[in-house]
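Undergrad: Following this message is one structure expressed as C-alpha cells.
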Amino acid sequence: MDLMEAWRTLRRRLNRRAIGEAQLMKRYQKVHGRPFDPAHVERFTEKVLQRMLVVNRRGNALYSRLSDKYAVRDYVREKVGEAHLVDLIWSGTDPRRIPFDRLPPKCVIKTNNGSGGNILIDGAFDRDEVIARLTEWLGKDYYWIDHEYHYAKIKPRVVIEAYLDDGQENGPLDYKLWCFDGVPQLVQVDDCRHGINAFYDRDWTLLPFRYRDNQKDFDMARPTNLDRLLEVGARLAEGFDFVRVDLYNVHGQVYFGEMTFTPLGGRMRFRPDEWDLTVGRFWQQAN
C-alpha cells in the first residue's frame, strides 16, 4: 500500500461515522425514491435505517456478538439448548490450518463475519481455491459494503459446519422468522439460491407480498412442527424490539441459522408497497 492509499484508508476510518451516515441516507433515497425523514418513521425500511444510523453512531456490542456466526452459538446454547445447533466441525482464524483430510464428504465452510458467503464441500474440491476465497473473505471489512457497523466489530474466523439435508430442492429451506417484541409475526421461506420469497403469518396463511422480483410461485403445507419453530424463534428473540431469526427444519428437527438485526440493510422494496407500512406497524421501536 502506497502512502496515498494509506492516507485514504486512515481518513476513511477517522470519518467513518459521517461517511456512513451520508451513504446510508443517499442509498435509502436511491432505493426507495424518497428522502428519509427522521421525524416520520413508520415504514419497516425506515425503521431499519433508523436502527442502522443509531448503531453507526454508538455501536452495539450485543448485535455484534449475536451477528457473529461463531460467538452466537453460546447464546443459542444458553437460550434453547445444544440440540438446536448445527454440528461444528472446525473453527479457526487461519484457513491454511483447516484439516481438509479429516473433513466429512459433505459440509459447509463460511466465515463468521460475512453474509451469504458459503462454500459447499461435496466430493472433490480445490484446496487452494477454498483457502484463497476464505482469505479474501476474512480480510474484508463488511462495514463498507452496507454500513452495518455491528459487523465491523466481529473478529473474523472460519466456521465449518455439518451439511443439513431436508430433502428439498435447493435446500435446506430457510425459515426466517421476523420477530417483534419477542413474537414471531412473519415467516419468510427461502432456499439457498433465493429462488423463492414466500411470506406467511404465524397461523401459516400465505401473505400477498414479497420484496424480490422474478420469484416463482411457491406455497407449502404448514409444517407439522410449526409451533416448535415459533417457540424456538420466540425464545431467541426475547428482549428485542425486532430481530429476524433464521431456522432450518430438517425432518422435524429445528436448527439455528443466524440472527439478523438489519436485514438487507433496509434495501428491500416491498411489493405491493403498502406492505412496507403494514410490516412497520409490528415494530414498536425501543430506541
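Undergrad: Could you check, for region 237-246, whether at least one of its residues is over 16 Å from HIS84 (Cβ atoms) and modelled with pLDDT under 95?
TA: No: region 237-246 contains no residue that is over 16 Å from HIS84 (Cβ atoms) and modelled with pLDDT under 95.
Undergrad: So, one more: Looking at (1) open to solvent by 30 Å² or more (accessible area, probe 1.4 Å); (2) outside any loop (DSSP other than H, G, I, E, B); (3) modelled with pLDDT of 75 or more, find the lone condition where LYS47 falls short.
TA: (1)
Undergrad: Sticking with this one: Which of the residues that make up region 189-202 are within 18 Å of TRP275 (Cα to Cα), part of a loop (DSSP other than H, G, I, E, B) and open to solvent by 30 Å² or more (accessible area, probe 1.4 Å)?
TA: Of everything in region 189-202, just one residue is within 18 Å of TRP275 (Cα to Cα), part of a loop (DSSP other than H, G, I, E, B) and open to solvent by 30 Å² or more (accessible area, probe 1.4 Å), namely ARG202.
Undergrad: Sticking with this one: So which residues in region 87-122 are in a loop (DSSP other than H, G, I, E, B), touching a helix residue (DSSP H, G or I) at 6+ places or on another chain (Cβ under 9 Å) and closer than 19 Å to LEU66 by Cα?
TA: THR93, ASN112, ASN113, GLY114, SER115, GLY117
Undergrad: When you check TYR75 against the structure, is it in a helix (DSSP H, G or I), aromatic (Phe, Trp, Tyr) and farther than 14 Å from TYR149 by Cβ, yes or no?
TA: Numbers: in a helix (DSSP H, G or I): yes; aromatic (Phe, Trp, Tyr): yes; farther than 14 Å from TYR149 by Cβ: yes.
Answer is yes for this residue.
Undergrad: Sort through ARG57, ARG8, ARG12 and tell me the only one that's at pLDDT below 95, open to solvent by 80 Å² or more (accessible area, probe 1.4 Å) and either out of contact with any helix residue (DSSP H, G or I) (no Cβ under 9 Å at 6 or more places or on another chain) or assigned to a loop (DSSP other than H, G, I, E, B) (or both).
TA: Details: ARG57 fails: either out of contact with any helix residue (DSSP H, G or I) (no Cβ under 9 Å at 6 or more places or on another chain) or assigned to a loop (DSSP other than H, G, I, E, B) (or both); ARG12 fails: either out of contact with any helix residue (DSSP H, G or I) (no Cβ under 9 Å at 6 or more places or on another chain) or assigned to a loop (DSSP other than H, G, I, E, B) (or both).
Answer to the check: ARG8.
Undergrad: Would you confirm, using the coordinates I've provided, whether PRO38 is open to solvent by 50 Å² or more (accessible area, probe 1.4 Å) and either in contact (Cβ under 8 Å) with a residue 40 or more places away in the chain or in contact with a Gly (Cβ under 9 Å, 6 or more places away or on another chain) (or both)?
TA: On the way: open to solvent by 50 Å² or more (accessible area, probe 1.4 Å): yes; either in contact (Cβ under 8 Å) with a residue 40 or more places away in the chain or in contact with a Gly (Cβ under 9 Å, 6 or more places away or on another chain) (or both): no.
Here the answer is no, as PRO38 does not meet what is asked.
Undergrad: Condition first: within 22 Å of ARG65 (Cβ to Cβ) and open to solvent by less than 50 Å² (accessible area, probe 1.4 Å). Can you find one or more residues in region 210-233 that meet it?
TA: At the first step, the residues of region 210-233 found to be within 22 Å of ARG65 (Cβ to Cβ) are 232-233.
With open to solvent by less than 50 Å² (accessible area, probe 1.4 Å) added as a condition, the list becomes 232-233.
Yes, region 210-233 contains a residue that is within 22 Å of ARG65 (Cβ to Cβ) and open to solvent by less than 50 Å² (accessible area, probe 1.4 Å).
Undergrad: Can I ask one more? Has region 112-119 got at least one residue that is in contact (Cβ under 8 Å) with a residue 24 or more places away in the chain and not polar (S, T, N, Q)?
TA: yes
The values are calculated or read from the model by the stated rules, or taken from the named source; none is laboratory data. Here the structure is a predicted model, which is why all the values come from computation and not from measurement. All Cβ positions, even for glycine, are placed from backbone atoms using ideal geometry, and neighbour counts span all protein chains on display. All accessible areas refer to the heavy atoms of the entire protein, side chains included, with ligands and DNA or RNA removed. Shrake-Rupley method; radii C 1.70, N 1.55, O 1.52, S 1.80 Å.
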